[in-house]
1. Out of the strands (runs of 3 or more DSSP E) lying entirely within segment 292-390, which hold 1 or more residues that are open to solvent by less than 30 Å² (accessible area, probe 1.4 Å) and within 14 Å of the ligand (Cβ to nearest atom)?
2. Within segment 278-291, count every residue that is within 12 Å of the ligand (Cβ to nearest atom) and either open to solvent by 50 Å² or more (accessible area, probe 1.4 Å) or over 30 Å from Tyr220 (Cβ atoms) (or both).
3. Just checking: which of the strands (runs of 3 or more DSSP E) contained wholly in segment 161-271 hold 1 or more residues that are open to solvent by less than 30 Å² (accessible area, probe 1.4 Å)?
4. For Phe275, state whether it is more than 9 Å from the ligand (Cβ to nearest atom) and touching a residue at least 40 places away in the same chain (Cβ under 8 Å).
5. Report the residue count in segment 390-400 for those that are modelled with pLDDT of 95 or more and closer than 14 Å to Arg186 by Cα.
6. Can you pull out the residues in segment 145-160 that are in contact (Cβ under 8 Å) with a residue 12 or more places away in the chain and outside any loop (DSSP other than H, G, I, E, B)?
7. When residues of segment 203-243 are filtered for being more than 22 Å from Leu394 (Cβ to Cβ) and charged (D, E, K, R), how many remain?
8. Tally time: how many residues in segment 170-198 are farther than 18 Å from Ala84 by Cβ and in contact (Cβ under 8 Å) with a residue 60 or more places away in the chain?
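The values are calculated or read from the model by the stated rules, or taken from the named source; none is laboratory data. Computed from a predicted model, the values in this text were never measured in an experiment. Quick reminder, even Gly has a Cβ in these numbers, built from the backbone with ideal geometry, and neighbours come from all protein chains shown. Remember, those area values only see protein heavy atoms, side chains included, never the ligands or the DNA or RNA. Shrake-Rupley method; radii C 1.70, N 1.55, O 1.52, S 1.80 Å.
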Amino acid sequence: MLDNESHQPTILVGVTGCIAAYKSCELVRALQNAGARVKVVMTEHGSRFVTPATFKALTREPVALQLFDDPNAPIHHISLAREADVFVIAPATANVINKLAAGVADDLLTTTALATQAPLLVAPAMNNHMWRDQTVQDSLRTLRQRGVSIIEPESGYLACGDVGEGRLASIEQIARAALAELNRARDLVGQRILVTAGPTREPLDPVRFISSPSSGLTGYAIAEEAARRGAEVTLVSGPVSLPDPFDVTVVRVQTAQEMFEAASWSFPQSTAAIFTAAVADFRPESRANQKLKKGIDTASDGSLTIAMVPNIDILATLAADKGDTFVVGFAAETRDVVAAGQGKLVSKHADMIVANDVSDPTLGFASKHNQVWFISADEVEQTEVITKGELARLLLDKVALQITR
Ligand code: CTP
């Protein structure tokens, strides 16, 4: 059953052209029984297997079929995309999977999939040879990397007479996955979450600064995901070239000191604080008023010596007096990743450290992928190589467990 009873959430079920389409009727019923409002969008081929009239009777809602089938809603794909709290395509044919991976949007179902911000689940069903086809497997990998949940098909007797992998997963399994995603979509309502992100810039003179190559992607992905799940989010961001995430209060800062001051405002009211920023540990002792010049500011041998002083540790300082706020720090390491992460858990008074190995150039910093260890006092758990969006999801699952119980 659904956790949140105050608002009836909408699950959009996509039905594509496969014999397993008849099982979508049972899926609709299972989701309704769990308390969801269900709407159905079908492809033209899907409607050859089960008529829209069947789904209309089951859902008591109009069934969406074509891009222009509702004269009152000329941009139907957008209204459907907005209404959906979760979009589950079951069964999904090889053709639709390949189209989703390529971003093809040539009918109402695929256009809605492209337009929606709702979590997308795909339950494939097809002949076993098609399932093993390289293009299909490549498309599935692409979709997984984008954060789409694939509900793996089962092995067994297939409608075409072959025996093998490709049979639609059980309705219970698909319904469970969709409902879990739905609960996740609302699990942070009422929470206030602070996120720090990006690098800081410590000025040396009017035109130069000390910084790091942090892209801010991880912090922005976390802020966006937390807001999508209903939290009130404040993102204190160093200079990055990312747009403000939707529905997030963004405070843009430059230096570590400014980041500390902005974070200090939100921290006491936050139920969780997630420190992803790559804060400069040191700053030049003084900022020159004029541009530093060779021959003027340099020593006789041409060298330039800059005295650096330590910056405040934002995480450690705020977490030292954290009250009930659940505190997550990140640790960028190049060796002994777990031990270093465990050290920072204690020294920074954090409840969890997300540690990663930044020595691998394909992961971390500017990369879209990451592999991390979630370290808490009683647990160390390593992830696969995942996207930063997936990392945001997994981390917030863990944070939600702590702050909503
Ligand atoms: N952090 C912070 N303020 C600082 C330095 C770090 O808030 N001045 C936070 C980071 O946002 C991160 C965690 O502390 O959540 C660990 O950052 P990291 O750079 O890995 O560690 P450092 O404390 O800088 O330690 P070291 O560079 O010695 O590994």
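1. 326-333, 352-357, 372-376
2. Total satisfying the criteria: 3.
3. Qualifying strands (runs of 3 or more DSSP E): 163-167, 192-197, 202-205, 232-237, 248-252.
4. It is false that Phe275 is more than 9 Å from the ligand (Cβ to nearest atom) and touching a residue at least 40 places away in the same chain (Cβ under 8 Å).
5. So the count comes out to 3.
6. Scanning segment 145-160 gives Gln145, Ser149, Ile150, Glu154, Ser155.
7. 2
8. The number of residues fulfilling the criteria is 11.
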